[in-house]
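Asker: Before anything else, here's the structure in question.
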Amino acid sequence: MSKIEVNQISSQCGSTLTIGQSGDTIQLACGATQTGFGRTGTVDWDTTAKTASFTAVSGTGYFVNTTSGAITMTLPAGSAGAIVSVADYARTFETNKLTISPDGSEKIGGIAQDAELNINGQAATFVYVDSTKGWVNVQNAEDTETGVPPFICATGGTITQCGNDRIHTFTGPGTFTVNRIATCCAAVNNLVSYMVIAGGGGGGGYYAGGGGGAGGYREVVSPGSPYTGSPTQGYPTPGNRITVTATSYPITVGAGGSGGGGPGPGGANNGCNGSNSIFSTITSAGGGAGVGYCGGGTQPTGGSGGSGGGGTGNCGPSNGGTGNTPPTTPAQGTNGGNAQSSPGDRGGGGGGGATAAGSNGVPSPGTGGDGGTGATSSINGTPTARAGGGGGGSGQNPSAGGAGTGGGGTGGKNTAPDPNATAGTANTGGGGGGASGHPCSNGGAGGSGVVIIRYKYQ
């Protein structure tokens, strides 16, 4: 290897001096420094992301990954012209911040305190100026650009992820806003999966009250965001499909109906129907009310709705309400069970569920009918039963109230100290349980509904 030792290299003619040839790399020896060339406000980027606290070196840019927790970067000792840059590697600074800490008592922007980067996608460049101002941030970007995924981008509700799918869950009124539609396989990927469940009906009051019917249950499993849905999911029917556009969709989540009370005038003991839930063109009907004590009047029939409410055993047998009202294809619910009466005792009918009708009450020994079976779906990533009917109430004997399923409440049992029926579970659309024959027994309220939307996002 040849070695040249000189104090100065000058051009023979002109003002341009060329060192090396095309393709060559000019490299300083290890430990050598340069002067005169200067920096032009740039850094050399270290492309191995930092995942733990570290001390920076002047002239270097760092990608910092705070996915697992907050990180502190300590700046090097300040010297005029020193430069350090940082960038948010995983766009997680808002969740786990990056703290910029000066060396010793040096300053950042004229203040001898730490600085924080806490905006997703933030990048900053610090240059050391002097002892008065210390490190000065000369460049700050808070919304760095990314490539645009060719899939739906939307906001609204509580957002979770399952595999390549994003899930928006609405447990109350809100807005599903589509900011960008899919450009990849648009016909399939803009066809969203959804579940729309209305509020469940309230259970009938004293006595042998009918269980409340479940809120109407409507679901579509899109081939673009597949999962194991209910057997009643309606993708095969084109009218059930929703292809989204870049717009806002108001979401209505139906409340559960109130339960019926104790003895009173005819009709005062009936539960109330649940309220509708709505997403775009899809409306699920509130569950039908369970009915209670007739007060010597006409024997009431269970309320009609998404699923029908159960009949009451008081004043003789009565029929359950009609489910799938108004009718949809596939059906959004089933009928309520009938109440049975005999000289021995009475049993209220169970409310209808999404996939099975409510059971009839048993007159002797006065057992309430079970609520109809709901529907099980994995739209949120976990198999979950929803939209079950409320159980019917027992009669005067201390017999069992009917069981609720899929979020439906249990029918009341004529025993102290708590003869009341239970309410349907919130955000399942379950029907409330029917009241027992105890004079102080009340029907359970229906559970509120829920709207869930799922689509491919990556």
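The values are calculated or read from the model by the stated rules, or taken from the named source; none is laboratory data. The model shown is predicted, which means the values in this text are computed figures rather than measured ones. Cβ atoms come from the backbone with ideal geometry, glycine included; neighbour counts cover every protein chain shown.
Asker: Check whether at least one residue in segment 402-416 is within 34 Å of the chain's Cα centre (by Cα) and charged (D, E, K, R), and report yes or no. Full working, then the answer.
Answerer: Initial filter on segment 402-416 (within 34 Å of the chain's Cα centre (by Cα)): 402-412.
Checking which are charged (D, E, K, R) leaves us with none.
The answer is no; no qualifying residue exists.
Asker: For segment 92-113, enumerate the residues that are hydrophobic (A, V, I, L, M, F, W, C) and assigned to a loop (DSSP other than H, G, I, E, B).
Answerer: Keep residues of segment 92-113 that are hydrophobic (A, V, I, L, M, F, W, C), which gives 93, 98, 100, 108, 111-112.
Result: Phe93, Ala112.
Asker: Just for strands (runs of 3 or more DSSP E) wholly inside segment 346-458: which have at least 1 residues that are within 18 Å of Thr301 (Cβ to Cβ)? Step through it out loud before you land on a result.
Answerer: Working: elements: 375-377, 384-386, 450-456.
Output list is empty.
Asker: Out of the residues in segment 96-136 that are more than 38 Å from the chain's Cα centre (by Cα) and among the acidic types (Asp, Glu), state the one that is surrounded by the fewest Cβ atoms within 10 Å (Cβ to Cβ).
Answerer: Asp130
Asker: Kindly indicate whether any position in segment 227-237 is under 20 Å from Ile159 (Cα atoms) and surrounded by 18 or more Cβ atoms within 10 Å (Cβ to Cβ).
Answerer: First, the residues of segment 227-237 that are under 20 Å from Ile159 (Cα atoms): 227-229.
Those left that are additionally surrounded by 18 or more Cβ atoms within 10 Å (Cβ to Cβ): 227, 229.
Taking every residue of segment 227-237 in turn, at least one turns out to be under 20 Å from Ile159 (Cα atoms) and surrounded by 18 or more Cβ atoms within 10 Å (Cβ to Cβ).
Asker: Among what's in segment 264-298 and is within 40 Å of the chain's Cα centre (by Cα) and either aliphatic (A, V, I, L, M) or at positive phi (or both), pick the residue that is modelled with the lowest pLDDT.
Answerer: Step by step, filter segment 264-298, then rank; the result is Gly267.
Asker: Any residue that is without any contact (Cβ under 8 Å) to a residue 60 or more places away in the chain and either in contact with a Pro (Cβ under 7 Å, 6 or more places away or on another chain) or over 30 Å from Arg386 (Cα atoms) (or both) - is there at least one of those in segment 148-162? Spell out how you get there, then give the answer.
Answerer: To start, the set of residues in segment 148-162 that are without any contact (Cβ under 8 Å) to a residue 60 or more places away in the chain comprises 148, 150, 155, 158-159.
Okay, now just the ones that are also either in contact with a Pro (Cβ under 7 Å, 6 or more places away or on another chain) or over 30 Å from Arg386 (Cα atoms) (or both), so 148, 150.
Yes, there is a match, as at least one residue in segment 148-162 is without any contact (Cβ under 8 Å) to a residue 60 or more places away in the chain and either in contact with a Pro (Cβ under 7 Å, 6 or more places away or on another chain) or over 30 Å from Arg386 (Cα atoms) (or both).
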